[in-house]
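Student: There's a structure below that I have some questions on.
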Amino acid sequence: MKLRHFALAAAAALAVGSAQAQTEIQWWHSMSAALGDWVNDLAKQYNESQSEYRIVPTYKGKYDESMTAAIAAFRAGNAPHILQVFEVGTATMMAAKGATMPVTKVMEDAGLKFDQGAYISAVSGYYTAPNGQMLSFPFNSSTTVFYYNKDAFKAAGLDPEKAPKTWPEVFEAASKLKDSGHKCALTTSWISWTQLESFSLWHNTLFASANNGFDGNGARLQVNSPLHLRHFENLAKAAKDGSFVYKGRGNTADATFPSGECAMITGSSGLYARTRKEAKFAYGISTLPYYPDVEGAPQNTAIGGASLWIMGGKSEKEYKGVADFFRFLSSPEVQAASHQRTGYLPVTTAAFELTEKAGFYEQNPGTDVAVTQMIRKTTDKSRGIRLGNFVQIRTIADEETEQIWAGKKTPKEALEAIVQRGNEQLERFERANR
């Protein structure tokens, strides 16, 4: 018996030693609900695939909250290894000298192959520095798409198989849905991203000068153009007659579509995961609406979602763990499965081809919309928007457009205020990063 007890104790000690030998990699993220399940499943899948490293995912609140928390943690010397940062935080992270490590360098230092050319150019280009080095790892890249409730369309006498492609068609459909008794015909999430940023690129129109900030920190906002004004006057009219209903900032409106409350929504392609899981009605996914009389429209939409940044100040062993996890995430099989589950873009060409070959797009109509919107040839006006203090600019856009829905400002007054206040933020960022 003594020998048996000794053997059991030895086995337990070995198990503890093995667990202690694992290098923990802390991953802070902002994925909740169905997307939070996806992140946890990715970590679990990776952890079970090897025994040297252990990924520990932690939800740290919304994108702006997790970014603020990570910067504070870095200053205190206890930052996570990996931080998920939304695309508008890119310029701010680029300017945070010493706080991050370029993903290309970490992968190369770990001796792992990292082919930047394998990524869809519209995605990789956004996260790449002027010297050609990829700074962060494309993770949940999304773009804006249009969702509509086919059952609600049918009840309103609209063709459920014909999605409205233009803004005039959307507003007409919204009026009919409202007349049929639908209390929320049209809504949107992320007002700045969908109605100003992607709207601009989709119409091949500048959101800001200096090619939307890609040419340097001297960019200034241009969202008070006649086209932007026309669009917000139309939204204001729809808000006044009740066919457009503003549901709040960020992704607050997301819940209103799969629940059936709102019949149409412009939002992230990543909303697909929740819609597929929760919707009790037939739905369709289509391209972002556009104004057909605008030359060059439609072009391509803006990248959204987030990438994974590697925080500075970690050991060589820890960076090897991060690199190995990114190797796992880069595999076409993992990428394709994530794309099909969430609606986020397949960030590599191989993942797109694997998904297409499997017949996923044929079996799930509309799931290829985000991809086809993003793989179009870009122009200097449409390859993306990279501005400093972009988080603050989005908050300004929220504040000012809310004045329109409340009837306290005209669209012209609100857009001009966005430009004036937004430019103050850009000037502040430019001064701080000369």
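The values are calculated or read from the model by the stated rules, or taken from the named source; none is laboratory data. From a predicted model like this one, the values you see are computed outputs, not experimental measurements. Positions of Cβ are backbone-derived with ideal geometry, glycine not excepted, and every protein chain shown enters the neighbour counts. What goes into the accessible areas is simple: the full protein's heavy atoms, side chains included, and nothing from ligands, DNA or RNA. Shrake-Rupley method; radii C 1.70, N 1.55, O 1.52, S 1.80 Å.
Student: Give the Kirkwood hydrodynamic radius (Å, one decimal) of segment 35-145, defined as one over the mean of 1/r across all pairs of different Cα atoms.
Tutor: Working: mean 1/r = 0.0639 Å⁻¹.
It is 15.6 Å.
Student: Enumerate the lysines that residue 113 could reach by cross-link, defined here as Cα to Cα under 24 Å, with residues fewer than 8 away along the same chain left out.
Tutor: 44, 105, 314, 317, 320
Student: Could you point to the residue in 308, 350, 23 farthest towards the positive end of the chain's charge dipole, with +1 and -1 charges on the Cβ of Lys/Arg and Asp/Glu respectively?
Tutor: Checking the options against the dipole of the chain, the answer is 23.
Student: Just name one of 417, 286, 199: the one whose Cα is farthest towards the positive end of the charge dipole of the chain (beta-carbon charges, Lys/Arg +1, Asp/Glu -1).
Tutor: 417
Student: Alpha carbon centre of segment 265-306 versus segment 373-411: separation in Å?
Tutor: Comparing the Cα centres of segment 265-306 and segment 373-411, I get a distance of 16 Å.
Student: Moving on. Write down the accessible area per residue of segment 7-160 in Å², having rolled a 1.4 Å probe over the full set of protein chains.
Tutor: Details: 6700 Å² over 154 residues.
Result: 43 Å² of accessible area for each residue.
Student: Here is a further query. How large is the dipole of the chain about the Cα centre if only Lys and Arg carry +1 and Asp and Glu carry -1, each at its Cβ, rounded to the nearest 20 debye? All intermediate terms of the calculation are to be shown ahead of the outcome.
Tutor: Working: 46 positive and 44 negative charges, 141 e Å.
The dipole magnitude comes to about 680 debye.
Student: Over its Cα atoms, what ratio of radius of gyration to 2.2 N^0.38 Å does segment 341-391 give?
Tutor: 1.42
Student: Continuing with the same structure: Taking a 1.4 Å probe, which of 114, 326 shows the most accessible area, and what order do the others take after it? Before the final figure, lay out each step's value.
Tutor: Values: 114 35, 326 0 Å².
Descending order: 114, 326.
Student: Please give the charge dipole size of segment 215-289, origin at the Cα centre, charges +1 on K and R Cβ atoms and -1 on D and E Cβ atoms. Round to the nearest 20 debye. Numbers along the way, then the final one.
Tutor: On the way: 10 positive and 6 negative charges, 23 e Å.
Magnitude of the dipole: close to 120 debye.
Student: Return the carbon/sulfur percentage of the accessible area of the chain, one whole number, probe 1.4 Å, all protein chains in place. Walk me through the intermediate numbers first.
Tutor: On the way: 9380 of 18540 Å².
Roughly 51 percent, rounded to a whole number.
Student: Rounded to the nearest 20 Debye, what is the dipole magnitude of segment 55-136 about its Cα centre when Lys and Arg each give +1 and Asp and Glu each give -1 at the C-beta?
Tutor: For segment 55-136, the charge dipole is close to 180 debye.
Student: If you don't mind, there's one more thing I want to ask. Would you calculate, for the chain, the mean residue ellipticity at 222 nm contributed by helices, counting each DSSP H stretch of 4 or more residues as -39,500 (n - 2.57) and dividing by all residues, to the nearest 500?
Tutor: On the way: 19 runs with 201 residues, N = 434.
Taken over the chain, the calculation gives -14000 deg cm²/dmol.
Student: Is segment 154-296 rounded, prolate or oblate when judged by the Cα gyration tensor, a ≥ b ≥ c being the square roots of its eigenvalues, rounded requiring a/c under 1.5 and prolate requiring a/b larger than b/c?
Tutor: Numbers: a/c = 2.04, a/b = 1.63, b/c = 1.25.
Judged from the Cα gyration tensor, segment 154-296 comes out prolate (a/c at least 1.5, a/b above b/c).
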